[in-house]
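The values are calculated or read from the model by the stated rules, or taken from the named source; none is laboratory data. This is a predicted model, so every value here is computed, not measured. Because the Cβ atoms are built from the backbone with ideal geometry, glycine has one as well, and the counts that use them run over all protein chains shown. All accessible areas refer to the heavy atoms of the entire protein, side chains included, with ligands and DNA or RNA removed. Shrake-Rupley method; radii C 1.70, N 1.55, O 1.52, S 1.80 Å.
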Amino acid sequence: MLPIKRYIVYIIPMISLTFILLILVYPTISFNAAIRGIIIWWDVLFPALFPFLVVSEILLGIGIVHFFGTLLDPIMRPLFRVPGIGGFVMTMGFASGYPVGARLTSKLWEQKLINQVEGERLVAFTSTSDPIFLIGAVSVGFFHDVNLALVLAISHYGAGIIVGLLMRYHGKNTSNAVSQIKTKQKGFILFRAFQSMHKARLEDGRTLGIIISEAVEASIKLIFVIGGLVVFFSVILEILTTIHFLDLFYLLFQSLMPLFGFPVELSQVIINGTFEVTLGAKSAGEANTSLIAKTAAAAFVVSWSGLSVHAQIASILHFTNLRYTPFIIARLLHGFIAAGIVYLIFEPVHSYQSSFSFILPTVSGETTTPEILSSFLSFSLWSIAFLFVCIFSLYLIYLLMKLLFYPKK
């Protein structure tokens, strides 16, 4: 093991120096790739992720996470072997996409609300794509078929839940005594939920204005880290394509794909998706093969999420004791299970596409991808506004109960 680490110490600087030289050799290509990465970050990721990051930080600050943690504890512990607050992480992760699930998990670990094994279980199945990207970008933008949205959603989120059920066996011999959410309290569960929320607010001690200010500050820092990683991988992938380095992998996968019964045309999808989820999903939409095979490949790529997202998750987990290995194993499982689900449900679901297509926007030949994404982002902002109303309504109810049951002496 030590010789391997010794070689890595020398290999990483050499690879870094090589890429620096390649950027100097291909400055125009690198610059254009960086611009494309910035456009993806600014037009898609920033408006889709930033509001959810702020909301999640506020929820942690005002104690609503503890409220939902008490309510969901009877469900989450038997199914996924995580505390009830994992239900909140799961909901926010599914709704807002990666890396929000990892971010919330790391915050819960910092507050000692979960232990290492519980955190690794949570990150494994809550790091999913958001519906905006899955429906707006993949189904409509890349495949130009809004009726694929339900197939992709069922396969992606269904596979995520299955991964969560499988990950309950991860670290099964480890004690969960670190978790501070008590499950054997007496009394009506809703009242206990408000008690947990009140206790969390007292322990936090910050005013609402400070909570919002610090939530925005922390979210800005994280969204810029995400943007930097997107630009970095965009440049790296473009350079590797320019020097034909990826052709070696294309040839390898072209020889391996037929052995497993998959079309050769999907080799480029897998290679691109290994590095960056957006490029992989776009390649799937453009692949010259059957629709079911392309959809399964897209489901695998979106569930695997690409090394760009992996780097985002790793940068967040770096400040905790949560390990990266369980996460990467879970991503592979998620990808294979999602692709398998597509083959199982594609025909029955796609045959009844007209029964659910009314809930999604109509796509005409003149509709452009930016316009489609804009409509979904608008829907997302309305959803966030509704979420804010619900959150602060719940907070007002808490303040009222605080006055009634915890009057100042």
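Does segment 274-318 hold any residues that are of a type in the set (D, E) and more than 30 Å from W109 (Cα to Cα), and which are they? Full working, then the answer.
Taking segment 274-318 as the starting set, the residues that turn out to be of a type in the set (D, E) are 276, 286.
Selection gives E286 alone.
Only one of (1) farther than 26 Å from R206 by Cα; (2) modelled with pLDDT of 80 or more is not met by L45, so which one is it?
(2)
Among (1) crowded, with 16+ Cβ neighbours inside 10 Å; (2) touching an Asp or Glu at 6+ places or on another chain (Cβ under 8 Å); (3) free of Cβ contacts under 8 Å to residues at least 24 places away in the same chain, which single condition is G306 missing?
For G306, the exception is condition (3).
Only one of S303, S290 is out of contact with any His (no Cβ under 6 Å at 6 or more places or on another chain) and not charged (D, E, K, R); which?
Details: S303 fails: out of contact with any His (no Cβ under 6 Å at 6 or more places or on another chain).
Step by step, each of S303, S290 is checked, and only S290 is out of contact with any His (no Cβ under 6 Å at 6 or more places or on another chain) and not charged (D, E, K, R).
Within segment 244-268, restricting attention to residues that are open to solvent by less than 60 Å² (accessible area, probe 1.4 Å) and touching a Leu at 6+ places or on another chain (Cβ under 9 Å), which residue is modelled with the highest pLDDT?
Ranking the candidates gives S267 first.
Just to be sure, is A102 open to solvent by less than 80 Å² (accessible area, probe 1.4 Å), more than 30 Å from R168 (Cβ to Cβ) and modelled with pLDDT of 85 or more?
Criteria not met by A102.
Residue by residue, here is whether (1) at pLDDT 80 or above; (2) assigned to a helix (DSSP H, G or I) holds:
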| residue | (1), (2) |
| --- | --- |
| Y169 | yes, no |
| N173 | no, no |
| A215 | yes, yes |
| V225 | yes, yes |
| L237 | yes, yes |
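If I filter segment 60-75 for residues that are of a type in the set (D, E, K, R), open to solvent by less than 40 Å² (accessible area, probe 1.4 Å) and touching a residue at least 12 places away in the same chain (Cβ under 8 Å), do I get at least one hit? Break it down into steps so the answer makes sense when it comes.
Filtering segment 60-75 for residues of a type in the set (D, E, K, R) gives 73.
Restricting the remaining residues to those that are open to solvent by less than 40 Å² (accessible area, probe 1.4 Å) gives 73.
Retained after the next criterion (residues that are touching a residue at least 12 places away in the same chain (Cβ under 8 Å)): 73.
For segment 60-75, residues of a type in the set (D, E, K, R), open to solvent by less than 40 Å² (accessible area, probe 1.4 Å) and touching a residue at least 12 places away in the same chain (Cβ under 8 Å): present.
Consider S290 against the criteria (1) among the small types (G, A, S); (2) open to solvent by 30 Å² or more (accessible area, probe 1.4 Å); (3) closer than 27 Å to L150 by Cβ; (4) under 16 Å from the mean Cα position of the chain (by Cα): it satisfies all of them except one. Which criterion is unmet?
Every condition holds for S290 apart from (4).
Residues to consider are I337, I313, I345; find the one that is in contact with a Ser or Thr (Cβ under 9 Å, 6 or more places away or on another chain), farther than 21 Å from A284 by Cβ and touching a residue at least 40 places away in the same chain (Cβ under 8 Å).
Every option except I313 fails the conditions.
In the list A95, A33, which residue meets the criterion of being of a type outside the set (V, I, T), assigned to a helix (DSSP H, G or I), out of contact with any strand residue (DSSP E or B) (no Cβ under 6 Å at 6 or more places or on another chain) and surrounded by 21 or more Cβ atoms within 10 Å (Cβ to Cβ)?
A33
Output the number of the condition that L248 fails; it satisfies all remaining conditions of (1) without any contact (Cβ under 8 Å) to a residue 40 or more places away in the chain; (2) in contact with a helix residue (DSSP H, G or I) (Cβ under 9 Å, 6 or more places away or on another chain).
Of everything listed in (1) without any contact (Cβ under 8 Å) to a residue 40 or more places away in the chain; (2) in contact with a helix residue (DSSP H, G or I) (Cβ under 9 Å, 6 or more places away or on another chain), L248 misses just condition (2).
In segment 114-136, what count of residues is obtained for those that are at pLDDT below 90 and open to solvent by 10 Å² or more (accessible area, probe 1.4 Å)?
Counting residues in segment 114-136 that are at pLDDT below 90 and open to solvent by 10 Å² or more (accessible area, probe 1.4 Å) gives 5.
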